[in-house]
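Asks: So that we are looking at the same thing, I have put the structure below in structure tokens.
The values are calculated or read from the model by the stated rules, or taken from the named source; none is laboratory data. All figures in this text were calculated on a predicted structure; none of them were measured in a lab. Every residue, glycine as well, gets a Cβ built from its backbone with ideal geometry; the counts of neighbours run over all protein chains shown. In case anyone asks, the SASA skips ligands and DNA or RNA and just uses the protein heavy atoms, side chains included. Shrake-Rupley method; radii C 1.70, N 1.55, O 1.52, S 1.80 Å.
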Amino acid sequence: MAEENVKSWYVSVAMNKVFAVQWIQQIKCVLQLVCEHLKDIKPDTAKGRSRVEVYLEMITIFTDYSLWKMAAKRGQSLRPILSQLCTNVTSHLVEKGMYTSLHNLLLNGLGCPHPGLTKVTLPAALALRCLSLCGLPVHMVTLFVNNMLTVPALMLHLNNMSPETCDQLKSIKILQHILVVLVDKPECHQIVFKSLNGNRALSLLCNIVHLVHLEKETIQPAELDRVMVVASELLRICFEKSGTKQSSHTTWHPVFGWFEQKSDK
């Protein structure tokens with residue numbers, strides 16, 4: 001994709017009408033397999049880290065035409081076509097469970113004493129390019145909330161390893177989009193809150209609070225009111241899950257006390 005010779009570009013095959021449909025089918029199939037493999041990789045090993053880097057780079061490259069030399073060399077004429085091509089591929093991956101795979105990768109890569117994700121792979125695992133290039137549609141923001149922001153201490157890890165990604169989240173106004181999903185869209189609100197257990201509710205609450213902290217200088221009072229609505233409901237879920245008595249079916253949770261659900265790593 002970065003070679004000077006146009007004929008060596010893999011994506012150039014897609015520009016040939018004879019092969020375009022087959023090429024799109026092939027890249028969808030390849031990237032779908034990549035996503036399926038990502039959910040089972042253990043990034044805390046050297047082999048696992050190498051595979052994660054390759055797979056995430058493949059997803060990033062083939063869903064963002066701005067990284068292709070073709071877009072620069074052929075000027076504005078091809079950009080609408082390339083944009084539609086990338087959106088098509090991204091939509092397929094989202095439909096086939098890309099966010100679920102990335103959620104599992106984040107849990108495997110961050111839920112351990114020494115995080116297996118790096119300052120490069122952690123931002124890539126959020127698929128923010130996909131989200132931004134598709135225009136932050138409500139259904140993708142819902143998936144982002146449900147799969148990314150329910151990862152324990154995600155924002156803390158981002159702040160420590162990739163503060164520029166925190167800046168990117170601010171630049172795309174992700175907090176405002178999250179509030180639209182959780183407050184203004186009843187169907188999206190139901191999807192998110194129906195999936196929450198105690199751990200996921202607590203993680204989502206903490207990550208949202210961290211996002212609010214990042215925007216403490218610019219956040220508007222009306223937005224803070226909406227944050228309080230979301231926080232109150234998340235705290236209610238946490239309260240409902242706490243206070244279980246010790247038994248053979250419970251484990252100790254540092255926040256909830258005796259708890260029937262397994263604690264995250």
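Asks: Is it possible to state the helix-based mean residue ellipticity at 222 nm for the chain, with each DSSP H run of 4+ residues giving -39500 (n - 2.57), the sum divided by total residues, to the nearest 500 deg cm²/dmol? What is it?
Replies: So the helix-based figure for the chain works out to -19000 deg cm²/dmol.
Asks: For the chain, with all protein chains present and a 1.4 Å probe, just round the carbon and sulfur fraction of the accessible area to a whole percent. Present the calculation step by step, with values, prior to reporting the outcome.
Replies: Values: 7930 of 13890 Å².
Here carbon and sulfur together make up 57 percent of the probe-accessible area.
Asks: Continuing with the same structure: Going by Cα centres, region 197-245 and region 54-132 are how many Å apart?
Replies: 28
Asks: Full extension from ASN16 to THR250: what is 0.36 nm times the residue separation minus their Cα-Cα distance, to one decimal in nm? Walk me through the numbers on the way to the answer.
Replies: Details: separation 234, 0.36 × 234 = 84.24 nm, distance 6.00 nm.
Net length gain for the segment: 78.2 nm.
Asks: Moving to a separate point now. When a/c reaches 1.5 or more, the comparison of a/b and b/c decides; with that in mind, is region 11-75 rounded, prolate or oblate per its Cα gyration tensor?
Replies: oblate
Asks: How would region 116-265 be classified by its alpha-carbon gyration tensor: rounded, prolate or oblate, with rounded meaning a/c under 1.5 and the a/b versus b/c comparison settling the rest?
Replies: Prolate, since a/c reaches 1.5 and a/b exceeds b/c.
Asks: Relative to the present Cα-Cα distance, how much length would full extension add between SER232 and GLN84 at 0.36 nm per residue of separation?
Replies: Contour length minus Cα-Cα distance gives 49.3 nm.
Asks: Enumerate the amide H contacts of TRP258 below 5 Å, restricted to partners 5 or more residues apart or on another chain; note that Pro and chain-start residues carry no placed amide H.
Replies: Here the answer is GLY243, THR244, HIS253, since their amide H atoms fall under 5 Å of that of TRP258.
Asks: Let me ask another. Under 10 Å, Cα contacts only: if you run a Gaussian network model on the chain, which one of LYS39, LYS173, LYS17 comes out with the highest mean-square fluctuation?
Replies: In the Gaussian network model the winner is LYS17.
Asks: Between VAL209 and ASP184, 0.36 nm times their residue separation minus their Cα-Cα distance comes to what?
Replies: Using 0.36 nm per residue and subtracting the Cα-Cα distance, I get 7.1 nm.
Asks: Show me, for region 26-33, the HN-Hα J-couplings you get by feeding each phi into the Karplus relation (A = 6.51, B = -1.76, C = 1.60, θ = phi - 60°), rounded to Hz, glycine and proline as x.
Replies: Listing the rounded values in order: 5, 5, 4, 5, 4, 5, 5, 5 Hz.
Asks: If one takes the longest principal axis of the Cα atoms in the chain, at what angle in degrees, from 0 to 90 and to the nearest 10, does the Cα axis of helix 79-95 lie?
Replies: 40
Asks: Rounded to the nearest 0.05, what FRET efficiency do ASN197 and LYS42 have when you use their Cβ-Cβ distance and R0 = 25 Å?
Replies: 0.60
Asks: Which FRET efficiency, nearest 0.05, do ASP225 and LEU133 yield, Cβ-Cβ r, R0 30 Å?
Replies: Working from the Cβ atoms, E equals 0.45.
Asks: Pairing the Cα long axis of helix 198-214 with the longest principal axis of the chain, what angle in degrees results, from 0 to 90 and rounded to the nearest 10?
Replies: The answer is roughly 70 degrees.
Asks: Leaving out ligands and nucleic acids, note down the accessible area per residue over region 105-232 with a 1.4 angstrom probe, in whole Å².
Replies: On a per-residue basis, 43 Å².
Asks: Of the listed values (i) 7, 29, 35, 20, 8, 1; (ii) 5, 16, 19, 23, 21, 12, 3, 0; (iii) 6, 27, 32, 22, 9, 3, 1, identify the label whose number matches P(r) over Cα pairs in 10 Å bins from 0, in percent calculated from this model.
Replies: (iii)
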